[in-house]
Amino acid sequence: MTDTSLPAAAGLGTFERWLSVWVALAIGGGLLLGNLFPGLFSFLASLEIASVNLPVALLIWAMVYPMMVSVDFGALRQVGDKPKGLVVTLVVNWLIKPFTMAALGVLFFEGVFAGLIPPDDAQAYLAGVILLGAAPCTAMVFVWSNLTRGDATYTLVQVSVNDVIMVFAYAPIVAVLLGVTDIVVPWDTLLLSVGLYVMLPLLAGYLTRRTLVANGGEAAVDGFKSRVQPFSILGLLVTVVLLFGFQAEVILERPLVIALIAVPLLIQSYGIFFVAYLAARAWRIPFNVAAPCAMIGTSNFFELAVAVAISLFGLGSGAALATVVGVLVEVPVMLSLVAFANRTRHWFPDVGDAS
């Protein structure tokens with residue numbers, strides 16, 4: 001297989017090494033701006049099609065596009081030669097993750113925190129974390145994969161397979177876990193999200209790469225990626241500002257609730273990562289596949305979860321709030337796991353040594 005990842009020795013850039021600081025500032029900025037200019041954020045929240053917020057979609061596109069330029073479509077023909085990463089991804093995402101998230105939600109919202117949260121609110125928060133747990137990452141995993149120098153082509157394949165499964169499995173799994181049979185998942189939202197966050201940037205990346213290779217070879221591709229990479233990180237930061245600006249008033253009014261919602265999400269995130277990561281290590285999966293296959297299960301398709309929560313329960317609902325808390329938890333957690341993965345790269349065989 002062609003290895004489309006960056007060299008391991010390249011390391012993170014100065015800006016990337018301090019990404020957790022920039023994310024913290026973006027969260028603070030979103031909360032501040034959301035309270036100072038609620039009308040502006042209400043207007044931005046209204047710019048949507050099929051419950052997909054267009055400003056957020058544009059920013060996610062900016063995050064994904066630079067990674068898509070890295071994808072070598074010639075390598076896709078050989079993906080079946082090393083299917084172990086896909087097996088780990090699919091088992092974790094669809095046979096483990098949704099059910100452990102629901103179990104943790106019940107344990108904490110209906111058990112441990114029962115005296116701190118009204119029953120109706122507990123049900124709403126439970127619905128929100130279930131929506132998160134049933135939606136494996138589609139866009140952000142390209143950011144995390146890139147930060148671990150993961151195989152971009154394998155990351156694309158993992159995301160694509162999960163997207164196909166999600167079209168058929170998301171609604172039934174959510175319906176079972178919420179204990180209802182008539183839940184309505186907005187299919188136009190799901191399909192439009194996949195189109196916006198995967199298909200369009202993939203097409204743009206393919207056309208860009210083909211043009212660059214024709215005019216300057218792989219050196220031209222590397223030069224282009226180094227120039228556009230800052231826009232990917234900028235897209236992440238502005239997305240964080242928007243999401244926290246949308247929920248700023250609620251978050252500042254109810255800080256204890258935010259902390260309570262974060263507890264099962266934190267346990268789930270670290271637990272799922274180590275299940276996938278250690279399984280990949282035991283199976284001798286190369287690091288540039290093992291890292292993204294663990295990241296995709298840990299990270300959530302929060303854009304979809306937020307959109308579905310708003311569509312089903314309303315913008316100011318506890319379910320919508322829980323999905324936004326998922327973003328609050330996810331970014332620092334994923335950055336910590338990226339750092340952990342990069343420090344433990346030596347646990348895994350080189351690409352040429354893997355069976």
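The values are calculated or read from the model by the stated rules, or taken from the named source; none is laboratory data. Bear in mind that the values here come from a model prediction, so they are computed numbers and not experimental data. All Cβ positions, glycine included, derive from the backbone under ideal geometry; neighbour counts span all protein chains shown. We work out accessible area using only protein heavy atoms, side chains counted, and drop any ligands, DNA or RNA first. Shrake-Rupley method; radii C 1.70, N 1.55, O 1.52, S 1.80 Å.
A few comments on the model shown:
- Within segment 314-325, not a single residue is outside any loop (DSSP other than H, G, I, E, B), more than 19 Å from ILE165 (Cβ to Cβ), in contact with a Ser or Thr (Cβ under 8 Å, 6 or more places away or on another chain) and in contact (Cβ under 8 Å) with a residue 24 or more places away in the chain.
- Of the residues ALA135, ALA122, the single one that is open to solvent by less than 10 Å² (accessible area, probe 1.4 Å), touching a Phe, Trp or Tyr at 6+ places or on another chain (Cβ under 8 Å) and farther than 20 Å from ILE296 by Cα is ALA122.
Okay, residues lined up against (1) in a helix (DSSP H, G or I); (2) modelled with pLDDT under 95; (3) farther than 14 Å from GLY318 by Cα:
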| site | (1), (2), (3) |
| --- | --- |
| VAL238 | yes, yes, yes |
| LEU242 | yes, yes, yes |
| VAL250 | yes, yes, no |
| ALA259 | yes, yes, no |
| ILE267 | yes, no, yes |
| TYR270 | yes, no, yes |
| PHE274 | yes, no, yes |
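- Qualifying residue in segment 4-23 (condition: at pLDDT 75 or above and open to solvent by 60 Å² or more (accessible area, probe 1.4 Å)): yes
- Residue among SER232, SER269, SER226 that alone is among the small types (Gly, Ala, Ser) and open to solvent by 60 Å² or more (accessible area, probe 1.4 Å): SER226
- Residue within segment 292-303 that is farther than 27 Å from SER145 by Cα, assigned to a helix (DSSP H, G or I), open to solvent by 10 Å² or more (accessible area, probe 1.4 Å) and not aliphatic (A, V, I, L, M) present: no
- When residues of segment 172-202 are limited to those that are under 24 Å from ASP120 (Cα atoms) and at pLDDT 75 or above, the one surrounded by the fewest Cβ atoms within 10 Å (Cβ to Cβ): PRO172
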